[in-house]
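Student: I am attaching a structure below and will ask some questions about it afterwards.
The values are calculated or read from the model by the stated rules, or taken from the named source; none is laboratory data. Note that this is a predicted model, so its numbers are computed, not measured. All Cβ positions, glycine included, derive from the backbone under ideal geometry; neighbour counts span all protein chains shown. Side chains are part of the model used for accessible areas, which takes the heavy atoms of the whole protein and leaves out ligands, DNA and RNA. Shrake-Rupley method; radii C 1.70, N 1.55, O 1.52, S 1.80 Å.
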Amino acid sequence: MFITDSEVQSLEEQARKIRVSIIHMLAEAKSGHTGGPLGMADIFTALYFKLLKHDPKNPSLDIRDRVVLSNGHICPVLYATMAHAGYLPIEELLTLRKFGSRLQGHPHREFLPMLETSSGPLGSGLSQAVGMAIADRIDHGKVSPRFIYTFLGDGELNEGQNWEAAMLAAKEKLGNLIAIIDRNNIQIDGYTEDIMPLSPLFDKWKSFGWHVIEIDGHDMRAIVAAVREAQTIFEKPSVIITHTIPGRGVPYMEHRFEWHGTPPGISDISGAPAKADQVKEALRALGE
Amino acid sequence: MSNIHLNTKIFDTDVEQVPIRKGFGEGLLESAKKNQNIVGLCADLTESTQMHLFKKEFPDRFIEIGVAEQNLASVASGMAAMGKLPFITSYAMFSPGRNWEQIRTTICYNDQKVIIAGSHAGVSVGPDGGTHQAIEDIAITRVIPNMTVIVPCDAVEAKKATMVSALRKEEGGTNTPVYIRLAREKSPVITTSDTPFEIGKAQVFYELDTDRFLLLEQKRGNSTSTFKLDSDTHGIRHDVAILACGALVHNALLAAKQLEEEGIAAKVLNMATIKPLDIEAVLSVAKETGALVTVEEHQIAGGLGGAVAETVLTGLKRGQQPVLECVGVHDRFGQSGTPQELIKEYGMTVSDIVAAVRRALARK
Ligand SMILES: Cc1ncc(C[n+]2csc(CCOP(=O)(O)OP(=O)(O)O)c2C)c(N)n1
Ligand SMILES: [Mg+2]
């Protein structure tokens, strides 16, 4: 067993607070992405509050694990998690997307140097993570103290560059590389299987030579177990396909691709409360 | 100017505002009704790029490519080779950004007519930030042989540009691949359906007639009794010409109006086609005024400013060379903010244009 019941509870409560922050920051910004960030809050919490080797007070710690956010549009969850973990003041989250803010609409290292990469344009994060993993292995051989994590969207996997990077990672036997796919079944124009079918996703990665783990992305125990398993795989890169519900925690947003890139409070979307009530209702659903 | 039928409300604060990309969506739909060879391909941004209007009417001629812009460009090339007329859309950063080499080789080098509509160009994209603000797209498209590059100034012109691009050269259009640059935000409607649009032709959107020019001369304290009309310029000699493209044409017009009130005669040209550039028009205003100011929501390097610099330096004799000031982005990336904040931060407001005109005149 990797985790106690009380630890699970405290991580779940932390994830809830992060979701609340996500709603606050998007409501204030009046633009930005909601579905993906809410769906990924559990995994980010597990990573930053339990699994990652890092020091929020010393972001440039040399032996830190690296996190590459390839699906940069879900940065509200990254910023909120980093703030709750102690990297940034929580009040700063309300500057998201504003002029002069460190929290750019898509992550930019020039504004926030503690980010490992800038992102937003999809499809290039896995390659950058592969580059980091290869460099790390050159420096530390097979016994590197670091892991390189990268987050990918499922729609993002439409980009061919992912598969170029996947081949290279397998060829280079990058046991220090762990990719985490947000398998939430949505992208902008609709559901992934209508836009560009990805199934069978498990088999695709397996046939590319990766160690593949498939989990419920809202189950803290499963998340922790999956990352620990990936860490033990020695001469293969690992990918964790995390099945998530986009908009998780706010019932009117759940599973709806329309909430991919819309914040609460600015548009009338069928199935949702009136614009004016969306923020209040989201916070209520999250237990505020 | 009377023959170009601009919107009479351009100088009013309540001028109608429409996103330029909307004109593209409407133009594509109209063209597709007339030409059944038109097909539409999109990379997971059907509504943002306004291709949804076409998709709704012609679902069988629409192909969803997914988030895969390189595939988008080359699949379109293949379809063109079989006689289709493909329109491809994404954000400008990703098409023609991400897929530049595919556009160069499989579309332009192959000389297949594909129409590439890049939406969300310029810093006025706003809060999404620098990764999504294409400010290099004019430069990277205009250097490709066979390519035509169009930057409409408003939604009405975008509709016309789209429809004309769909026509063959014999019909008044073009047989080359075309890049049409579109913006996300609402912007003032400058033109009307009666305003002429022709690929490769600049249009004068602001100039002084004889009466206004004489008034201006009086204001400057010049005697007008001996005033002689200049035969080259069919009348009067403007002090400066502002060459603008895209939504910033509106700021250029406001600047020209303000300058006229301040006693400076400015002419404004709408440079809707960046390639082929209307060389004749550029050289003619260069000779008339001796002072040019370019205005674009794009890097100065390689954009309209670059194109005008190349044209006047290579096209005019020593002594005829105008001074040139460029309003646009100076070698920086974009960032998050409101469109207004960013237009100010990057120096593209009406007062920035007025200041550039004053710098140009001081150097004349
Ligand atoms: C190269 C590139 N093309 C297009 C886009 C626009 N875009 C942003 S998010 C997105 C959909 C991505 O789907 P997914 O990765 O599943 O993210 P989710 O909707 O689940 O958050 C698209 C097409 C982009 N950011 N980058
Ligand atoms: Mg998705």
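Student: Does segment A:109-120 include one or more residues that are within 16 Å of ligand 2 (Cβ to nearest atom) and within 17 Å of the chain's Cα centre (by Cα)?
Tutor: Yes, segment A:109-120 has at least one match.
Student: For residue B:101, are the conditions met, namely being within 15 Å of the chain's Cα centre (by Cα), within 14 Å of another protein chain (Cβ to nearest Cβ) and surrounded by fewer than 24 Cβ atoms within 10 Å (Cβ to Cβ)?
Tutor: Criteria not met by residue B:101.
Student: Quick one: would you say residue A:189 is within 14 Å of chain B (Cβ to nearest Cβ), more than 19 Å from the chain's Cα centre (by Cα) and open to solvent by 10 Å² or more (accessible area, probe 1.4 Å)?
Tutor: When the stated conditions are applied, residue A:189 passes them.
Student: Which of (1) part of a loop (DSSP other than H, G, I, E, B); (2) away from ligand 1 (no atom under 16 Å from the Cβ); (3) modelled with pLDDT of 95 or more does residue A:93 not meet, given it meets every other one?
Tutor: Of the numbered conditions (1) part of a loop (DSSP other than H, G, I, E, B); (2) away from ligand 1 (no atom under 16 Å from the Cβ); (3) modelled with pLDDT of 95 or more, the odd one out for residue A:93 is (1).
Student: Consider segment A:96-145. How many of its residues are within 14 Å of another protein chain (Cβ to nearest Cβ) and over 30 Å from residue B:68 (Cβ atoms)?
Tutor: So the answer is 5.
Student: A further question follows. Within the group B:127, B:152, B:177, which residue is more than 19 Å from the chain's Cα centre (by Cα), modelled with pLDDT of 95 or more and crowded, with 23+ Cβ neighbours inside 10 Å?
Tutor: Only one candidate qualifies: B:127.
Student: For segment A:32-51, what are the residues that are outside any helix (DSSP H, G or I) and either more than 13 Å from ligand 1 (Cβ to nearest atom) or under 13 Å from the mean Cα position of the chain (by Cα) (or both)?
Tutor: A:33, A:34
Student: Taking the criterion of being closer than 27 Å to residue A:6 by Cα, polar (S, T, N, Q) and more than 16 Å from ligand 2 (Cβ to nearest atom), would at least one residue in segment A:59-80 satisfy it?
Tutor: No - not one qualifying residue is present in segment A:59-80.
Student: Right, here's the next one. Could you please find all residues in segment B:74-91 being open to solvent by less than 20 Å² (accessible area, probe 1.4 Å) and within 12 Å of chain A (Cβ to nearest Cβ)?
Tutor: Hits for segment B:74-91 are B:89, B:90.
Student: Among the numbered criteria (1) of a type in the set (A, V, I, L, M, F, W, C); (2) touching a strand residue (DSSP E or B) at 6+ places or on another chain (Cβ under 8 Å); (3) within 12 Å of ligand 1 (Cβ to nearest atom), which one does residue A:186 miss?
Tutor: (2)
Student: Pairs only if they're at least six apart or on different chains, beta carbon under 9 angstrom, first in segment A:250-268 and more than 16 Å from ligand 1 (Cβ to nearest atom), second of a type in the set (A, V, I, L, M) and in a loop (DSSP other than H, G, I, E, B); list them, first residue then second.
Tutor: Close Cβ pairs satisfying both conditions: A:252/A:269; A:252/A:272; A:268/A:274.
Student: Among the numbered conditions (1) more than 11 Å from chain B (Cβ to nearest Cβ); (2) within 16 Å of ligand 1 (Cβ to nearest atom), tell me where residue A:207 comes up short.
Tutor: Unmet condition: (2).
Student: Among the helices (runs of 4 or more DSSP H) lying completely within segment B:303-364, list those that include at least 2 residues that are surrounded by 15 or more Cβ atoms within 10 Å (Cβ to Cβ), touching an Asp or Glu at 6+ places or on another chain (Cβ under 7 Å) and not β-branched (Val, Ile, Thr).
Tutor: Per the criteria, B:304-315, B:350-363.
Student: Among the residues of segment A:69-87, write down those that are open to solvent by 10 Å² or more (accessible area, probe 1.4 Å) and within 10 Å of chain B (Cβ to nearest Cβ).
Tutor: Matches in segment A:69-87: A:73 only.
Student: Could you list, in sequence order, all residues of segment B:130-149 that are open to solvent by 10 Å² or more (accessible area, probe 1.4 Å) and closer than 25 Å to residue B:201 by Cβ?
Tutor: B:139, B:140, B:142, B:143, B:145, B:146
Student: Can you name the condition, by its number, that residue A:152 falls short on among (1) more than 14 Å from chain B (Cβ to nearest Cβ); (2) of a type in the set (A, V, I, L, M); (3) in contact with a strand residue (DSSP E or B) (Cβ under 9 Å, 6 or more places away or on another chain)?
Tutor: Failed condition: (1).
Student: Further question: Considering only residues that are part of a helix (DSSP H, G or I) and either over 18 Å from the mean Cα position of the chain (by Cα) or within 8 Å of ligand 1 (Cβ to nearest atom) (or both), which ones fall in segment B:84-96?
Tutor: Those that are part of a helix (DSSP H, G or I) and either over 18 Å from the mean Cα position of the chain (by Cα) or within 8 Å of ligand 1 (Cβ to nearest atom) (or both): B:93, B:94.
Student: Now for a different question. Checking residue B:158 against (1) surrounded by fewer than 24 Cβ atoms within 10 Å (Cβ to Cβ); (2) in contact with a helix residue (DSSP H, G or I) (Cβ under 6 Å, 6 or more places away or on another chain): exactly one of these is not met. Which one?
Tutor: With (1) surrounded by fewer than 24 Cβ atoms within 10 Å (Cβ to Cβ); (2) in contact with a helix residue (DSSP H, G or I) (Cβ under 6 Å, 6 or more places away or on another chain) applied to residue B:158, the lone miss is (1).
Here's the yes/no breakdown for (1) away from every other protein chain (no Cβ under 14 Å); (2) in contact with a Leu (Cβ under 7 Å, 6 or more places away or on another chain):
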residue: A:18; (1), (2): yes, no
residue: A:29; (1), (2): no, yes
residue: A:47; (1), (2): yes, no
residue: A:89; (1), (2): yes, no
residue: A:94; (1), (2): no, no
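Student: Does residue B:29 qualify as being away from ligand 2 (no atom under 16 Å from the Cβ), in contact with a helix residue (DSSP H, G or I) (Cβ under 8 Å, 6 or more places away or on another chain) and within 13 Å of another protein chain (Cβ to nearest Cβ)?
Tutor: No.
Student: I'd like to know if segment A:161-169 contains one or more residues that are more than 14 Å from chain B (Cβ to nearest Cβ), at pLDDT below 95 and open to solvent by 40 Å² or more (accessible area, probe 1.4 Å).
Tutor: no
Student: Which ones in segment A:252-283 are within 14 Å of another protein chain (Cβ to nearest Cβ), crowded, with 18+ Cβ neighbours inside 10 Å and more than 15 Å from ligand 2 (Cβ to nearest atom)?
Tutor: Correct list: A:263 only.
Student: For segment A:150-166, name all the residues that are among the small types (Gly, Ala, Ser) and within 13 Å of ligand 2 (Cβ to nearest atom).
Tutor: A:153, A:155 - these are the residues of segment A:150-166 that are among the small types (Gly, Ala, Ser) and within 13 Å of ligand 2 (Cβ to nearest atom).
Student: Assess whether residue A:174 counts as being aliphatic (A, V, I, L, M), open to solvent by less than 60 Å² (accessible area, probe 1.4 Å) and within 16 Å of ligand 2 (Cβ to nearest atom).
Tutor: No: the conditions fail for residue A:174.
Student: Additional query: Which condition breaks for residue A:183 when tested against (1) basic (Lys, Arg); (2) buried (at least 17 other Cβ atoms within 10 Å of the Cβ); (3) more than 11 Å from ligand 2 (Cβ to nearest atom)?
Tutor: Result: residue A:183 passes all but (3).
Student: Name the residues in segment B:13-49 that are farther than 21 Å from residue B:83 by Cβ, open to solvent by 70 Å² or more (accessible area, probe 1.4 Å) and free of Cβ contacts under 8 Å to residues at least 60 places away in the same chain, would you?
Tutor: B:13, B:14, B:47
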